[in-house]
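Single-structure report; data block below.
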Amino acid sequence: MITLQNPLDMHIHLREGEILKSVLNFSAKYFSGALAMPNLKIPLNDTNKVLEYKKDIENTTKELNCEAFTPIMSMYLSESLNKDELIKAKKEGIKILKLYPKGATTGSENGVSEILNQKICDIFQIAQDLGFILSIHGESNGFSMDREFEFGEIFEKIAINFPKLKIIMEHLSDRRSIDLLKYDNIFATITLHHITMSLDDVLGSGLNPHYFCKPILKTPKDRDALINLALSGSEKISFGSDSAPHLESNKLKQNGAAGIFSAPILLPRLCEIFEKNNRLENLQKFISDNAKKIYGLQNIPNKTITLTKEKYKVQDSILVGNDKIIPLLAGEVLSWKIKDTRN
Ligand code: NCD
Ligand code: ZN
């Protein structure tokens, strides 16, 4: 048995509309809070849009009877952001800016095409002055297995030029990125899928579109280096699932939409992995304590989750209207199960 205090998921796609209603309970029931990504169909690129979305999430948690859940909001960084808007956002309690390189992933059409241009550097300067956290999807437009590595030099330049700006490398996938954590102001999130799977799970036997995501799963060596980092409880690392639901029809038809839906299995699967590696004692840091320090989240209401070693079968799919979403490890049996949730 293990008890976790205030689990936090620092990178999640909750989507909007019908999908939001179908997926939010997996996070809101078992996590104290989650950092909601702003890459909606209409990107959340100003304060009002972020606040409206926050209300949508809160109303949905009420409908689902899981109110003890704090949505942590982020704003989509685009060239049109200016100082007044950033001051307004800060006043409203938004402290995370999310930068997507244009075209890098799902919902990045309105992202930034030239990251180190003057306009964007001016935004970084204001963000640093106002104490924002800059969260980055770090991928170039090069060869898919090298995209994160190639982006490394941009991380370095931002870290050096804006030493007081906290920078988060989202969803680490390449072992060569780990070195960048030597910068005092660079931190990272790590997903469940990048520490448990490799490219073979996407295309090693049949092609599995449900395990296709950005950044793409990499080599077993990358996976192993990243799992060791997560297991170590390093204070530079928060858990961020990057759970990214897509309707099956979009996975199969729209050139295979990128994103893995992991929300239904996160805590049991992490227990399984930390136990298997004899590091259960570090799970609390990975799942909550580190994030609280990095993001300054001291006022999250209490939630205690107890898990036991009991078999638990992952559902085959989650229905959304006439369509469905296939979760990570659909139909498989896990050896840990959530037993109890207390607020
Ligand atoms: C995410 C999505 O679907 O919104 N997709 C993904 O493959 N991870 C976007 C992202 O975080 O890259
Ligand atoms: Zn994401």
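The values are calculated or read from the model by the stated rules, or taken from the named source; none is laboratory data. Keep in mind it's a predicted model, so treat the numbers as computed, not measured. Positions of Cβ are generated from backbone atoms using ideal geometry, with glycine treated the same way; all protein chains shown enter the neighbour counts. Surface accessibility is based on the protein's heavy atoms, side chains included, excluding ligands, DNA and RNA. Shrake-Rupley method; radii C 1.70, N 1.55, O 1.52, S 1.80 Å.
Ordering T308, I57, M73 by Cα displacement along the dipole of the chain toward the positive end leaves T308 in first place; charges were set at the Cβ atoms of Lys, Arg (+1) and Asp, Glu (-1). In a fully extended conformation the segment linking D184 and K276 would gain 30.0 nm over its present Cα-Cα distance, using 0.36 nm per residue.
When you restrict to C-alpha pairs under 8 Å that are six or more residues apart and normalise by the size of the chain, the relative contact order lands at 19 percent.
Just by accessible area at a 1.4 angstrom probe, what is the order of D323, D9, D129 from largest to smallest?
Descending order: D129, D323, D9.
Near C213, the amide H atoms lying under 5 Å from its own belong to G259; only residues 5 or more places off or on other chains count, and H is placed 1.01 Å from N. Taken about its Cα centre, region 2-342 carries a charge dipole of about 700 debye when Lys and Arg each add +1 at the Cβ and Asp and Glu each add -1 at the Cβ.
The alpha carbons of the chain stretch over 54, 42, 42 Å along the principal axes, in descending order. Under 5 Å between amide hydrogens, built in the peptide plane, is the criterion, and for T70 it picks out G33, A34 among residues at least 5 positions away or on other chains.
Taking amide H atoms as placed 1.01 Å from N in the peptide plane, the amide H of K166 lies under 5 Å from those of L134, each 5 or more residues away in sequence or on another chain. Counting only protein heavy atoms and a probe of 1.4 Å, the accessible surface of the chain is 47% carbon and sulfur.
Restricting attention to the chain, close to 35% of DSSP beta bridges with both partner residues there are antiparallel.
Taking K29, K41, K253 in turn, the Gaussian network model of the chain (Cα-Cα springs below 10 Å) assigns the largest fluctuation to K253. Summed over the residues of the chain and divided among them, the accessible surface reaches 42 Å² per residue at a probe radius of 1.4 Å.
The aspartates and glutamates within cross-link reach of K292, meaning a Cα-to-Cα straight distance under 14 Å and a gap of 8 or more places when in the same chain, are D9, E235. Other residues whose C-beta falls under 15 angstrom from the C-beta of E148 contribute a net charge of -3, scoring Lys and Arg +1 and Asp and Glu -1. Separation of region 72-92 from region 182-217 is 29 Å, based on Cα centroids. Among the listed pairs K41/K102; K98/K303; K214/K313; K164/K214; K214/K324, a Cα-Cα separation exceeding 18 Å is found for K98/K303; K214/K313; K164/K214; K214/K324. When +1 charges are put on Lys and Arg Cβ atoms and -1 charges on Asp and Glu Cβ atoms, the dipole computed for region 66-221 relative to its Cα centre reaches about 300 debye. When the chain is treated as a GNM with alpha-carbon contacts under 10 Å, the residue of G142, G321, G331 showing the greatest mean-square fluctuation is G321.
Here the extension length gained between K91 and N228 equals 45.5 nm, from 0.36 nm per residue of separation less the Cα-Cα distance. Springs join every pair of Cα atoms under 10 Å in this Gaussian network model of the chain, and among K83, K309, K276 the largest mean-square fluctuation is at K276. Each Cα pair under 8 Å and six or more residues apart adds its separation to the average, and for region 1-140 the resulting relative contact order is 21 percent. Placing +1 on each Lys and Arg Cβ and -1 on each Asp and Glu Cβ, with no other charges, gives region 218-343 a dipole about its Cα centre of roughly 140 debye.
The residue among N299, A34, F261 whose Cα reaches farthest toward the positive pole of the charge dipole of the chain, with charges on the beta-carbon of Lys, Arg, Asp and Glu, is N299.
For K83, neighbours were defined as the other residues whose beta-carbon sits under 10 Å from its Cβ, and their charges (Lys and Arg +1, Asp and Glu -1) total -3.
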